[in-house]
Amino acid sequence: MNFSELFKQSNQLCKVSPDGKYLATCVQYRLVIRDVSTLQILQLYTCLDQITHMEWASDSLFILCAMYKRGLVQVWSLEQPDWHCKIDEGSIGLVSSRWSPDGRHILNTTEFHLRITVWSLCTKAVSYIKYPKACQKGTDFSRDGCYMALAERRDCKDYVSVFVCDDWHLLRHFETETQDLAGLEWSPNGCVLAVWDSCLEYKVLLYSLDGRLLSTYSAYEWSLGVKSVTWSPSSQFLAIGSYDEKVRILNHITWKKIAQFDHPATINNAKAVVYKEVERRTAVGSDDLSLHNITIGTTLFNTQSKYEICPLPVQIPVVKPDPDRANPKIGVSTLAFSSDSRYLATKNDNMASVVWIWDMQKMNLEAVLEQTSAVRCFQWDPRRPRLALCTANTKLYLWSPAGCVSVQVPTEGGFQVQSLSWHGSGDSLILLGKEQLCLCFMDTDQEDKAHLQSQDGKQTESQEMDPVSTSEHHPPCTSKRP
Amino acid sequence: MPESSLVRHLHSSSPECRTSPVRHFSRSLLPQHRNSSMLSTFCTEHNVQDCLSHISQEISSLGFPPVWAVSASPSELSVVAVLNCMYELIQLHRRNIQTLENMEMEQLKSSSEVDFLQLTSTRLKEQLELSRRENAGLLERERQLQLKVKSLQTCLKNEKEEVQKLQNIIASRASQYNHEMKRKEREFNKLKERMNQLLVDKKEKKQAIDVLNSIGRADGKRSLWKTGKTEAKHEGEMYKTLLSDYDTRQRELVLENAELRKVLQQMKKDMVSILSSRKPTLKGDKHKDDCIQADSEEEVFNSSKESVELYCVHAREKLTTSIRLQWRRLKSHVERLDSQASLAQRETRKEEMDRLMLDLQQCKDFIQTQEQLLQQLSSPCDEETASLLSDCYMLQEKERLREEWGTLEEQRKIFERERKTFTDAAIRLSHERKAFEEDRATWLKHQFLNLSPFADSKTSQMSKSKSSFLISVEPEASAASAPEKLIRSDLDFHTHRSVPLTTQSAGELYPTPCLIPENSLTKPKREAAHVDESSIFCNGNIPAQHKLWKNSEDHCSHSLKREKNSSI
């Protein structure tokens, strides 16, 4: 595992192009395009103001940079650096901007969700979609890019409009049986649309592409309901996380619940492996306490950590939420299926330092990762069943069915990993700090030689600039399953 | 009581009183007499007559035979009657005392009982009081509790009402809020509209797109006009995707179904094979109805075999029923097999046990015979191996035998010595007998000679003989613990006896008899007694004198025998 040097970024705007070749980062009002493999700067664009949003077009040829405060969107072309496009939303304002799946249209949502403006880069044509609903997830494009589902609010009723993205033709328009629609999401095969109500009512509706209501699911009443909804990549399961700290799995044939995953405070499921992160101060010998070490090594103050397998039963720290406050910190807020739909990772908000991994074949708990601090972000490798997570410290954590690893990010200046995202190939990870970012390269094919190679210093700048840290962070503490 | 009876008696016997005024007088006098002083004597010399009459009257009134008749003189008192009467009276008195005692005892008992009963009654009363009080307390508590329950019930009712009220309030509020929200939303929408209008109308800062040059579509096609045709095309595409999705899903399901069918088929085949193999046994079991059922089953099998291939509803039904049937049969079969197996297991275990026991017995017998044979083999024909084997035994045996030999040898020597001593003793005895015979002959001769003229010397002679006899007995008894010494002393005695018998004079014999009556040592009539005794002794002994001597001889030999025994 190798780490790049740190690069600057702002607003955590840093994205890899869909084809995986380029890395775009925003630094204040500048947009920097780098080659992912060499990290050399290929292009540098300067926008009119500080960039608040940035997005690659699906064909990786264009990038849009939105400056919401100014109501401006600027589009840059990678092939033609001279080419430019500027969309001014004027005084109507701008709260959200995104590409359509074809990469030739830009959808801008105006302030107060007055309307959605669709700009065509091909024809300069503009079209409006009125009554968009301001909610958790009001629009969603199907995976193949053919259809867009849009939540609407008209006359105090919720509607869903299905557009053909090709020419923005309204394909279907239907009223939903929701009190206050909170979100919608296409199944990965683009044939079923899941619609869920706001947290006041537990209600999940499933619509076919042609607007037929396939099924309605409600687990309970009179209590805060759905908090998160996720489709499995195979479209086979719909996972619903709710405020009652449970995840319910619906199947795609009968749309009935087939499994329910509880998040108990005491784990005594004999089949689950509980990994607990244990922090340990690095034992510094007297020889190492030289001035050189102290000056250069922030690693000196870093703690090493490793995972230990806890014997069951395990008590998990639980924070009791304040019941009088809105949006209580309880319930399953994050759900993520691995790319092969084999595993489901969940996070319960009142057990913020714990990630739960469930086996979807056996329908039981596979592993529990108990971190020392609250988990900020976790994401599955897009190619393998491998989960990366960060807890806003200097470490990167990886889980795979084979075991669990904690890796110290060998960088200076107290780089803390706030969020992370995988490269599409699963070979590298982008680690985002507050103002910086760092790339982490996985040697997936020769994992056993990982630390050997990193000591060779193939291409990692980190080793060139900090030779001490190489010995500090390697080998990563691995705890294999028994 | 006696007084009252007396008075009654007086009244009843009033005619009698008239006839005898004297008696009347005396009787009227009697209570006075009693009243004045009980101590004053009842009968004096003057009023004997009166007393007699009074007593007789009394006695007759008590139902006894009359003691004295008025006509009779006072001296003619029948003593027997009086004594009888007295005896009767005493008896009566005793009985009365007895009964009185009994009554007293009874009374004591009853009084103690009464005390006890009183005690218990008081205790019970206390308990009653206590329980009454408790009861009252409980009643009071119950009342309080009931009150509480009532209050709680009212509370509950109130709460329920409250809840109802609150629910109503909530509902009304919710509807109110919903209404408000809708109103607000409408207003919001109106505002949005208005704003939209205004923004559209506003000229100075319009929405704008500034593109250097428009780019082509991603798919390279030109955009098309929106027509009805495109709409239809979109619809078609949509249905196409849906269709393809359903298609794939159906294909998956078909695949899955095929898999399941395959499994089912296989299971079925297995089941059929198992059940058909079982069928002959069933038929053999004489279960005719079962056979019939099996036949029908066969039919089902055959039909279901085909039905697996069919996909229509009826076939499915048939299939499921047949499968269910077979499954049930299989289950029952397996259960039966299980039970049989358990039974059979028990039986086989028992059999095994018996067999093993038999084996064990056989083995034991075998071992025994082997041992016997070995013994037989080893003792007679110990050619070389047996000799070698028993060499050590032989050695031990030899050792033991040698030891035994030694002890036997020693014993033999002892016996030899003893025999020698015995022969010596016998020789000596014969010598002595010879001497004794001679002695006797001389003595007899002597006595014969002195028989008539010297009668006085008889007593001394007799005492001498007796003393000699006594001496012969005493040392033997004292020397019983020391046999070796006894022999010598005995021998000494023999020699000693033989000597004094011949040499002892009559004058020397006197002190010896005093040894016999030890208790009469202090008595003054010792001599006379001794003489008496001796005379008695002599009287009884004179006819058997010869026998006595013979006895002493026997005794001697006997003592010798005893000595020998003790030495051994």
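The values are calculated or read from the model by the stated rules, or taken from the named source; none is laboratory data. Quick caveat: nothing in here was measured; it's all calculated off a predicted structure. A quick note on method: Cβ atoms are made from the backbone with ideal geometry, for glycine too, and the neighbour counts reach across all protein chains shown. Heads up: the accessible areas ignore ligands, DNA and RNA and are worked out on the full protein's heavy atoms, side chains in. Shrake-Rupley method; radii C 1.70, N 1.55, O 1.52, S 1.80 Å.
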Self-check item: Subset of segment A:411-433 [part of a loop (DSSP other than H, G, I, E, B) and touching a residue at least 40 places away in the same chain (Cβ under 8 Å)]
Solution: A:Thr411, A:Glu412, A:Gly413, A:Gly414, A:Phe415, A:Val417, A:Gln418, A:His423, A:Gly424, A:Ser425, A:Gly426, A:Gly433
Practice problem: Would you kindly identify the strands (runs of 3 or more DSSP E) lying entirely within segment A:145-248 that contain at least 2 residues that are under 30 Å from B:Lys233 (Cα atoms)? | Solution: A:147-154, A:157-164, A:169-175, A:181-186, A:192-197, A:204-208, A:213-217
Quiz prompt | Cβ-Cβ under 6 Å pairs, at least 6 apart or on other chains, segment A:169-198 side within 14 Å of another protein chain (Cβ to nearest Cβ) and crowded, with 20+ Cβ neighbours inside 10 Å, far side among the β-branched types (Val, Ile, Thr) and not in a loop (DSSP other than H, G, I, E, B) | solution = A:Leu171/A:Val162; A:Leu171/A:Val164; A:Arg172/A:Val162
Practice problem: Could you tell me whether segment A:223-236 includes any residue that is under 24 Å from B:Arg186 (Cα atoms), open to solvent by 20 Å² or more (accessible area, probe 1.4 Å) and modelled with pLDDT of 90 or more? | Solution: no
Quiz item: Would it be correct to say that A:Leu193 is hydrophobic (A, V, I, L, M, F, W, C), over 28 Å from A:Ser127 (Cβ atoms) and under 25 Å from the mean Cα position of the chain (by Cα)?
Solution: no
Exercise. For segment A:199-218, name all the residues that are among the aliphatic types (A, V, I, L, M), away from chain B (no Cβ under 12 Å) and buried (at least 18 other Cβ atoms within 10 Å of the Cβ).
Key: A:Val204, A:Leu205, A:Leu206
Quiz item: Which of (1) at pLDDT below 90; (2) within 30 Å of A:Thr25 (Cβ to Cβ); (3) among the small types (Gly, Ala, Ser); (4) open to solvent by less than 30 Å² (accessible area, probe 1.4 Å) is the odd one out, the single condition A:Gly413 does not satisfy?
Solution: (4)
Practice problem: Kindly indicate whether B:Ala171 is of a type in the set (Gly, Ala, Ser), more than 56 Å from the chain's Cα centre (by Cα), part of a helix (DSSP H, G or I) and more than 30 Å from B:His46 (Cα to Cα). | Solution: yes
Quiz prompt | Candidates A:Gln12, A:Gln50 - the one that is part of a loop (DSSP other than H, G, I, E, B) and under 21 Å from the mean Cα position of the chain (by Cα) | solution = A:Gln12
Quiz item: Within the bounds of segment A:24-41, is there any residue that is closer than 26 Å to B:Gly216 by Cβ, within 14 Å of another protein chain (Cβ to nearest Cβ) and without any contact (Cβ under 8 Å) to a residue 60 or more places away in the chain?
Solution: no
Practice problem: Select the strands (runs of 3 or more DSSP E) contained entirely in segment A:88-140, then report the ones holding at least 1 residues which are modelled with pLDDT under 90. | Solution: A:115-120, A:126-130
Quiz item: Hey, does segment B:45-53 have a residue that's among the β-branched types (Val, Ile, Thr), outside any helix (DSSP H, G or I) and either surrounded by 12 or more Cβ atoms within 10 Å (Cβ to Cβ) or modelled with pLDDT of 75 or more (or both)?
Solution: no
Quiz item: If you go through segment B:181-204 one residue at a time, do you hit one that is modelled with pLDDT under 85, over 24 Å from A:Ala134 (Cβ atoms) and at the interface with chain A (Cβ under 9 Å from one of its Cβ atoms)?
Solution: yes
Quiz item: List the pairs whose first member sits in segment A:55-82 and is open to solvent by less than 20 Å² (accessible area, probe 1.4 Å), whose second member is assigned to a strand (DSSP E or B) and of a type in the set (Asp, Glu), and whose Cβ atoms are under 6 Å apart, counting only residues at least 6 apart or on separate chains?
Solution: A:Leu64/A:Glu55; A:Leu72/A:Asp88
Quiz prompt | Any chance A:Glu111 is acidic (Asp, Glu) and open to solvent by 20 Å² or more (accessible area, probe 1.4 Å) | solution = yes
